[in-house]
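Student: Here you go, one structure.
What follows draws every value from the coordinates through simple rules; no lab data is involved. What you see is a predicted model; the values in this text were computed from it and never measured. In this analysis, Cβ positions are derived from the backbone assuming ideal geometry, glycine residues included, and neighbour counts consider all displayed protein chains.
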Amino acid sequence: MTYLLALDQGTSSSRSIVFDEDGRIVAQAQQELPQIFPRPGWVEHDPMEIWRGQLATARQALGMAGLKASEIRAVGITNQRETTVVWHRKTGQPLHHAIVWQDRRAEATCAQLREQGHEALIQSRTGLLIDAYFSGTKLKWLLDHVPGARAQADRGELAFGTIDSWLIWQLTGGAVHATDVSNASRSMLFNVHTNQWDDELLALLDIPASLMPIVKPSSAHFGEIRPDLLGHGIAIGGVAGDQQSALFGQACFKAGMAKNTYGTGCFMLMHTGNQFQLSRNGLLTTSAAQTTAQTEFAMEGSVFVGGAVVQWLRDGLNAIKGSAEVEALAQSVPDSGGVMMVPAFTGLGAPYWKPEARGTITGLTRGTTVAQVARAALESIAYQSAALLLAMSRDAVAAGAAPVAELRVDGGACVNDLLMRFQADLLGIPVIRPAVTETTALGAAYLAGLSSGVYRNTDELANLWQAERTFMPTLGAERAAGLMAQWEHAVRQTVLK
């Protein structure tokens, strides 16, 4: 049997999973990652903590699997995207804490770029809207605010990277400074048409090109892990940002195939093939994980509050003691009794982009129960995801393609059958849960397996993908459209002015 190791470095934890060649989990280990909040709106991680934790889980997973490093064919890396690290080339020590993707400190730079009229240029080159979410403006902040950073950068002494690049550097002992196209495409500095850093965008943000990692396809040779770290040298054969890696792990290799990850938020991606297409419906265009030099793209939309609404029921309302209770509580009533919850706790993401929106619960009566509120909370995840998929389908049809025919799902909340049934009802298409829901790590393993010869092509990977359960829609199209109209009415009430 051939084995692959996936390093899955996320926002709240570092995990390592050993897969066999059939894509089955052999062993996994996980370590929580402490969050640092220096001031409101700022979120940081300690890069050395990320490195130590990721290495520790890799060693633990190998031990639990009863395998030596020499029995691992290749390693794949997937990571929280946009989180930004700058380090010293000579010592490998970080210049500053990593600035996490959620961090908003670069908003002033973004406002300036918008005022100067650079939106069309940036969107046409990168597929992205100007936002502090992306790594380019975080990098500029570090150069502008860490004493001596800009002078050191000008002398070529510093390296920039997202978490994948940071881990590759440490794993290879500083021999490789690289990233893949999917992570590079989330920087606002990368031309997704040419798959190269864009000199004009680097100049716009005053970033020296010497800081930047080389960019490779997602399935490629990214160097060898130092033998002393795991007991034997292993090739790093695949790298992708977490959402593109999940799309790959779901075997969504063709235009029109879509997946939704139900986590703290929800991330939906639809493969659009090698067609670069800007959305008319509030979505981002991003590079998909690429197995060759050929460009491949995806439409992406994010829901800010997905599974986090269940945490709010638990911690904010004290309506449930544990998150696992929500399905039983919601199922104790036949419906929400007309209650609608829009969990715009931090504004609304795609396709609305209403940062000023705030959470609302509407349709309350004297007879409303906590079970109905819980059901409305759960349904809000499906409503937000449905709005995203409908926007994607409109973009697909506008480009002359067919609307999305099925939705593949993963992430923690996809185990909730009530939510998945309601999602299928709203969409009017099958919602399919795979046998392996750890699709982010699986995507990284598959990318590594392709470059190291474990798999011949993506057709072979598509045959490995298996459904665990398919949820078919039971509501009529008219009723589903009526529910979505009620949802849109509730969304309009989240903005008071």
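Student: Which trypsin sites (Lys or Arg not before Pro) in segment 387-461 pass both tests, a DSSP loop state and at most 14 other beta-carbon atoms within 10 Å?
Tutor: When the trypsin sites (Lys or Arg not before Pro) of segment 387-461 are filtered for loop state and at most 14 Cβ neighbours within 10 Å, Arg456 remain.
Student: Quick one: 3J(HN,Hα) in Hz for segment 94-108, Karplus 6.51/-1.76/1.60 with θ = phi - 60°, rounded, Gly and Pro as x.
Tutor: With the stated coefficients, segment 94-108 comes to x, 6, 6, 4, 5, 8, 7, 3, 6, 5, 10, 5, 8, 4, 4 Hz.
Student: Averaging sequence separations of C-alpha pairs under 8 Å and six or more residues apart, then dividing by the length of the chain, give the relative contact order as a whole percent.
Tutor: Reported relative contact order: 15 percent.
Student: How many angstrom separate the Cα center of segment 204-275 from the Cα center of segment 115-167?
Tutor: Using only Cα atoms to place each centre, the spacing works out to 19 Å.
Student: In Å, what Rg and Dmax follow from the Cα atoms of segment 33-76?
Tutor: Calculated on Cα positions, Rg and Dmax stand at 15.2, 46 Å.
Student: For Cα Rg over 2.2 N^0.38 Å, the listed values are [x] 0.95; [y] 1.26; [z] 0.90; which was obtained by calculation from the structure presented?
Tutor: So the calculated entry is the one marked [x].
Student: Right, next: Of Val100, Phe222, Gln243, which is farthest along the charge dipole of the chain in the positive direction, counting Lys and Arg as +1 and Asp and Glu as -1 at C-beta?
Tutor: The listed residue farthest towards the positive side: Val100.
Student: Using only the Cα atoms of segment 268-391, each taken as one equal point scatterer with no solvent, compute I(q) by the Debye sum, divide by I(0), and report log10 of the ratio at q = 0.10, 0.12, 0.15 Å⁻¹.
Tutor: Summing over Cα pairs of segment 268-391 leads to -0.40, -0.54, -0.74.
Student: Which value at 222 nm does the chain reach when only helices count, each DSSP H run of 4 or more adding -39,500 (n - 2.57), with the total divided by all residues and rounded to the nearest 500 deg cm²/dmol?
Tutor: Per the formula, -10500 deg cm²/dmol.
Student: If you don't mind, there's one more thing I want to ask. Compute, for the chain, the length of the dipole vector about the Cα centre, with Cβ point charges of +1 (Lys, Arg) and -1 (Asp, Glu) only. Units Debye, rounded to 20.
Tutor: About 520 debye.
Student: With only Lys, Arg, Asp and Glu charged, each at its Cβ (+1 for the first two, -1 for the last two), find how big the charge dipole of segment 166-301 is about the Cα centre; round to the nearest 20 debye.
Tutor: Roughly 420 debye for segment 166-301.
Student: Continuing with this model, one more query. Taking amide H positions as placed in the peptide plane 1.01 Å from N, state which residues far from Ala74 in sequence (5 or more) or on other chains have amide H under 5 Å from it.
Tutor: It is Leu5, by chain and number.
Student: I would also like to ask the following. Counting only pairs 8 or more residues apart or on different chains, how many lysine pairs in the chain have their Cα atoms under 27 Å apart?
Tutor: Lysine pairs meeting both conditions in the chain amount to 11.
Student: Shifting gears a bit: About the Cα centre of segment 419-497, how large is the charge dipole given +1 on each Lys and Arg Cβ and -1 on each Asp and Glu Cβ? Please answer in debye to the nearest 20.
Tutor: 280 debye
Student: Let me ask another. Quick one: Cα centre-to-centre distance for segment 1-72 and segment 330-404, in angstrom?
Tutor: The two parts, judged by their Cα centres, are 33 Å apart.
Student: Under the definition of Cα pairs under 8 Å and six or more residues apart, what whole-number percent is the relative contact order of segment 149-202?
Tutor: Reported as a whole number, the value is 19 percent.
Student: Find the relative contact order for segment 155-306 and round it to a whole percent, using C-alpha pairs within less than 8 Å whose residues are 6+ positions apart.
Tutor: Computed value for segment 155-306: 21 percent relative contact order.
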